[in-house]
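See below for the structure under consideration.
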Amino acid sequence: MSERINCIIIDDEEMATKVIVKHLENVPDFKIVGIFHSAVEAFLMIDDLDVDVLFLDIQMPKMTGLSMLKMLKKQPLTVLTTAHREYAIDGFQLEVVDYLLKPIGLNRFLQTIGRIKRLISKNDQHSDTKKDEIELITKNSETLDHIFIKSERAFLKIEFSNILQIEAIKNHIKIVTTKGTHISLMPISEFEMKLPPNDFIRIHRSYIINAAQVKRFDNNSVTNDSGVFPIGRSYKEIARDLLNKRLIK
């Protein structure tokens, strides 16, 4: 695992934040890309950050860490940090990686780091073993009107024209079509490369939409028959330009 692991820290207590920052000095492959003292502030900014790991306090003013976590479209690997043990069950129901009780000791913190690294390494290895299979399933997609995906131990043919949107769910994708919904084990960024570039537009870290299925769009969102989807801040300029070129002729 040679690439840096990007993380953010969200905690309204400055001292608690400093403890995590100090502990991370012992882990050189972790890079802090953001520190927030408010869950509201973090929620508004997280789409603009490439976040792998989230160190998240639970009790904060205006919005709790758990409330923020439930609102995220795509949840990074999350470590809850709190002085209150009673929130553990709620946290693990949200599939967090670990639960650290304050004050957080270095040894316990490093155990969590080890768990995170094993999870990331496992996902990377799984992706490597699937590369040949993925290439076989999706090759020549630019010249075809369909794609084959592996879902529930079977290979399914999906017409590009029937796709409404693709959604990221951790290391899986949910492909929503006019005929049904399918889940497949593949990062959304990898699936994006298999799509006809003139027909599909990335509007968010978690969403790719079929331009032909768009019913309405503005500066902040895109609407199709499946629902309304936000345009992420870092995608706004490119997404709006592509939508205008593709749909406003």
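The values are calculated or read from the model by the stated rules, or taken from the named source; none is laboratory data. All values derive from a computational prediction rather than experimental measurement. In this analysis, Cβ positions are derived from the backbone assuming ideal geometry, glycine residues included, and neighbour counts consider all displayed protein chains. Note: accessible area is taken over every heavy atom of the protein model, side chains too, but ligands, DNA and RNA are not part of it. Shrake-Rupley method; radii C 1.70, N 1.55, O 1.52, S 1.80 Å.
Quick look at the values:
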item: Pairs with Cβ under 8 Å, 6+ apart, first in the range 2-18 and over 15 Å from Gly65 (Cβ atoms) and open to solvent by 20 Å² or more (accessible area, probe 1.4 Å), second hydrophobic (A, V, I, L, M, F, W, C) and assigned to a loop (DSSP other than H, G, I, E, B); result: Asn6/Leu49; Asn6/Val51
item: The range 209-226, subset among the charged types (D, E, K, R) and in a loop (DSSP other than H, G, I, E, B), residue least open to solvent (accessible area, probe 1.4 Å); result: Asp218
item: Verdict on Leu69 being modelled with pLDDT under 90 and either within 12 Å of Ile10 (Cβ to Cβ) or assigned to a loop (DSSP other than H, G, I, E, B) (or both); result: yes
item: Members of the range 21-49 that are part of a helix (DSSP H, G or I) and within 16 Å of Arg115 (Cα to Cα); result: His23, Leu24
item: Criterion: of a type outside the set (Asp, Glu) and in a strand (DSSP E or B) - qualifying residue of Phe191, Phe229; result: Phe229
item: Exclusive hit being without any contact (Cβ under 8 Å) to a residue 40 or more places away in the chain, in contact with a helix residue (DSSP H, G or I) (Cβ under 8 Å, 6 or more places away or on another chain) and not hydrophobic (A, V, I, L, M, F, W, C), set Asn219, Asn198, Asn210; result: Asn219
item: Candidates Ile173, Ile238, Ile248, filtered to the one that is under 18 Å from Ile158 (Cβ atoms) and either open to solvent by 30 Å² or more (accessible area, probe 1.4 Å) or free of Cβ contacts under 8 Å to residues at least 24 places away in the same chain (or both); result: Ile173
